[in-house]
Amino acid sequence: MTSTAAPPAPVPSRRAPAARRPRRKWRGWLFVAPFMVVFALAFIAPVVYAFVLSLYRDQAFFGGTVFVGADNYLQVFGDPKFWDAFQRVLVFLVVQVPIMLVLALIAALAIDSARLHAAGFFRIVIFLPYAVPAVVAALMWGFIYGDHFGLAADLNHLFGTDAIKPLSQNWLLTSIGNVVTWEFVGYNMLIFYSALKVIPKELFEAAAIDGAGTFRTILSVKLPAIRGAIVVATIFSIIGSFQLFNEPNIMRNLVPNMIVTNYTPNMYAYNLSFNGQQYNYSAAVAIVMGVITAVIAYVVQLRGSRKEM
């Protein structure tokens, strides 16, 4: 008699416990919350409010405001005063920014080199004008430029001529550019100098072994290493040029016939709002100028990043 063994009972399969998702830690947000609140109130909220204002228009006879959509923006695109101001700051940017950045780069390279005595003193002296408020700087240079008083008048009286007129129609924009350059050369110099100080020493040792001289080291080692800093300084300078306001607005009291209310886009928006009570159209001008500035700055950053890669 044969006995058959019973088949073994199936073992129930046990699934591996599902891995728990890591819990999000919100503690980091507590640290950045004060900044986010200030950023939202000081930056995002004004931009949103300006955009909402730009979609409306005051009714002079019927009172109140009406929704006009993109009409204010279409008016800006066809406004010759706006484009005259934009063309002026564009010329200012193309001429002044390269000169300022080249001067700042030369100063940074000179201070970084070991051949300049009292480098710390020159670094402070070059940076010091940036600590002067823009209003004070404009008033100081306005006094120097005055052809009836100040340095320009004294030079004209000394040489018996009236050829030195920094606030004339032909030299006005150049004179304003000189003030801005005097103010911000030190700021950009500090950006370049900081970038130069973090270049690895091994690169200079390799260049010295290859027999590279001073200028070859600058062109092949230093300038490529600080390309990112040059891009950053260029973007800041572009934004500052399109935001030109303090210097011409202060000097307008000296030459009111030369510096008109729409001398720069920012002055145009300011005078439309506070002198013309055209808040809605002023907001549209500001939004358009902000978008143009952001697009140009982004293009510069993109090109700079591609070259660095």
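For the options LEU158, LEU173, LEU53, a Gaussian network treatment of the chain with springs between C-alpha atoms closer than 10 Å singles out LEU158 as fluctuating the most. Between 0 and 90 degrees, the angle of helix 134-145 with respect to the longest Cα principal axis of the chain falls at about 30 degrees.
Each Lys or Arg adds one and each Asp or Glu subtracts one; over the other residues with Cβ under 11 Å from the Cβ of TRP141, this totals -2. Residues whose amide H falls under 5 Å from that of TYR56, counting only those 5 or more places apart or on a different chain, are VAL68, with hydrogens built in the peptide plane.
Between ALA225 and VAL94, the modelled label-to-label distance comes to 3.5 nm, taking each label 7 Å out from Cα in the direction of the beta carbon. Using a cutoff of 8 angstrom between alpha carbon atoms and counting only pairs six or more residues apart, the relative contact order for region 207-309 works out to 30 percent. Computed with a 1.4 Å probe over protein heavy atoms only, the accessible area of THR181 comes to about 20 Å². Converting phi to 3J(HN,Hα) with the Karplus coefficients 6.51, -1.76 and 1.60 and the offset θ = phi - 60°, region 269-274 yields 5, 5, 6, 4, 7, 8 Hz in sequence order, with x at every glycine or proline. Ligands, DNA and RNA left out, the 1.4 Å accessible surface of the chain is 66% carbon and sulfur atoms. Annotation: lysines with alpha-carbon distance below 30 angstrom to LYS81 (same-chain offsets under eight excluded): LYS165. For the chain, with a Gaussian network of springs between Cα atoms less than 10 Å apart, report the residue from ASN170, ASN262, ASN280 with the top mean-square fluctuation. It is ASN170.
The HN-Hα couplings worked out from phi for region 34-48 by the Karplus form 6.51 cos²θ - 1.76 cosθ + 1.60 (θ = phi - 60°) are x, 5, 4, 5, 5, 4, 5, 7, 8, 10, 5, 4, x, 5, 4 Hz, whole numbers, x standing for Gly and Pro. In the chain, the DSSP-assigned H stretches of four residues or longer account for a calculated mean residue ellipticity at 222 nm of -20500 deg cm²/dmol, using -39500 (n - 2.57) per stretch and the full residue count as denominator. Across the chain, C-alpha contacts under 8 Å between residues 6 or more apart give a mean separation that, scaled by the residue count, equals a relative contact order of 25 percent.
In the context of the full set of protein chains, residues of region 139-266 present 54 Å² of accessible surface per residue (probe radius 1.4 Å, heavy atoms only). With a Förster radius of 35 Å applied to the beta-carbon distance between ALA40 and ILE292, the computed FRET efficiency rounds to 0.90. Applying 1/(1 + (r/R0)^6) with R0 = 45 Å to the Cβ-Cβ distance of ASN275 and VAL102 gives a FRET efficiency near 0.75. Given their separation in residues at 0.36 nm each and the Cα-Cα distance between them, ASP162 and TYR49 gain 35.7 nm when the chain is fully extended. Here r is the Cβ-Cβ distance between VAL66 and ASN170 and R0 is 51 Å; the resulting FRET efficiency, rounded to 0.05, is 0.70. Rounded to whole numbers, the Karplus 3J(HN,Hα) couplings from phi for region 109-114 are 5, 5, 5, 6, 5, 7 Hz, using 6.51 cos²θ - 1.76 cosθ + 1.60 with θ = phi - 60°, and x at Gly and Pro. If you sort ASP79, ASP58 by accessible surface, 1.4 Å probe, largest first, the order is ASP58, ASP79. The H on the amide N of LEU244, modeled in the peptide plane, is under 5 Å from the matching H of no residue at least 5 residues off or on a different chain.
The values are calculated or read from the model by the stated rules, or taken from the named source; none is laboratory data. Computed from a predicted structure; not experimentally measured. Quick reminder, even Gly has a Cβ in these numbers, built from the backbone with ideal geometry, and neighbours come from all protein chains shown. For the accessible areas, the whole protein counts, side chains as well, though only heavy atoms, and no ligand, DNA or RNA atoms are used. Shrake-Rupley method; radii C 1.70, N 1.55, O 1.52, S 1.80 Å.
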